[in-house]
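To start, the structure itself, in structure tokens.
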Amino acid sequence: MSSDLTFSARHLVAGSAIDRRTLLARAACLGGAAIGSRFLCANPAEAAGVTTLKATHGSGLCNCPFFLVKERDLAKADGVELNFVTTPTNADIAALFGAGVVDVSVVPYTNFMTLYDAGAPVKIVAGSGVQGCVIVAQAGINNAHDLRGKTIGTFQADTLEMLPLDYLKAAGMSFADVKVRYFDTSPELAQAFIGGSVDAMCHIEPYATQALNSRKGAVKLSDGTDVYGPMYTDCVLAVRSKLIAENRPAVKALIKAMMVAQQQEEADRAAAVKQTTPKYFKTTVEAALDAATKQPAMIDQRRNQGFILGRAQNLKDLRYIKKIPTDAIFDWSMLNEVIVESPDLYTSLKLKSA
């Protein structure tokens, strides 16, 4: 078994709060996926001079620029294309990336830190989306104290677990004051809230807006800006360190394409949403359009480095990681080079660090 697959199994059973039978089964599936992936390397596109990067992605609007890169072939001019690998659950998105089955991923920064802590050779090279983490509650729940004894739905080791934790902390509470229920997929969590089987949830856009519009009396407790301030990070663009070493131009091409996607999304958000819904966002176009401005793209997130590292203590307290990471998890050098080499593109972006 390769060191990557050894890492995968070790990481998947690391969190004591995780159901081990489920995750051991997932680890076995990862092994099969990795073996299968070896037969996908001889891609006809690669023979024609195009580098195909295998990738995983999430389901929130923070992934919209990544989806546009794929759907509009925005990196093709620089010799790169994306090949998305389907993942059964949210946890598998990070697990396949950490196991080395894929080269690149748009992933919550929290999931990234669990992979890095477990020894995965990965780096954050750019951002993807900001804001968009939302705590919604059933009618009659109007603040953190109303959540005492109630059930909150979320995902493990996710940005969507960090926000309710920090929201409760701000009110002098903790997860010990509530019941936390973990889900596998974004549509599953949204439907659980809409169906009334959880009292509250922390979800990503566009599913938070979908739930608010679909559940009578539902209220928004927090959109994260009241806890973190504006433009906080949700997902980041991360790559395998091996890819940086072996094909740095491909990473730069992808970062540039993500910037182009951000520019296009900012110029015509409706077109971007219509092209990606419901193929990627499992909701209505109307709900996605309503939510689109609440979780915009922001590829240059260098200014959010401190924010990302600041959430590491939560992950350690929840026993997802053993050590607090340093700024070594970031490699902004390729982003910096793209900014210098494409000044007009960078200047045109509405949201950026500089």
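Here are a few things to note about the model shown:
- Odd one out for residue 151, checked against (1) at positive phi; (2) surrounded by fewer than 24 Cβ atoms within 10 Å (Cβ to Cβ): (1)
- Any hit, region 93-114, residues being in a loop (DSSP other than H, G, I, E, B) and in contact with a His (Cβ under 9 Å, 6 or more places away or on another chain): yes
- Some residue of region 149-165 being β-branched (Val, Ile, Thr) and under 14 Å from the mean Cα position of the chain (by Cα): yes
- Members of region 58-84 that are in contact (Cβ under 8 Å) with a residue 40 or more places away in the chain and either among the β-branched types (Val, Ile, Thr) or part of a loop (DSSP other than H, G, I, E, B) (or both): 58, 59, 60, 69, 72, 74, 75, 79, 80
Okay, residues lined up against (1) of a type in the set (Asp, Glu); (2) out of contact with any strand residue (DSSP E or B) (no Cβ under 8 Å at 6 or more places or on another chain):
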residue	(1), (2)
240	no, no
252	no, yes
258	no, no
273	no, yes
282	no, yes
286	yes, yes
313	no, yes
316	no, yes
350	no, yes
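- Per this entry, residue 159 is counted among residues that are among the hydroxyl-bearing types (Ser, Thr, Tyr) and surrounded by 23 or more Cβ atoms within 10 Å (Cβ to Cβ).
- Residue check, residue 320 under 23 Å from residue 228 (Cβ atoms), among the hydroxyl-bearing types (Ser, Thr, Tyr) and either touching a His at 6+ places or on another chain (Cβ under 6 Å) or surrounded by 20 or more Cβ atoms within 10 Å (Cβ to Cβ) (or both): yes
Laboratory data are not the source of any read-out in this text; all were calculated from the coordinates shown. This is a predicted model, so every value here is computed, not measured. Note: ideal-geometry Cβ built from the backbone for every residue, glycine included; neighbour counts use all protein chains shown.
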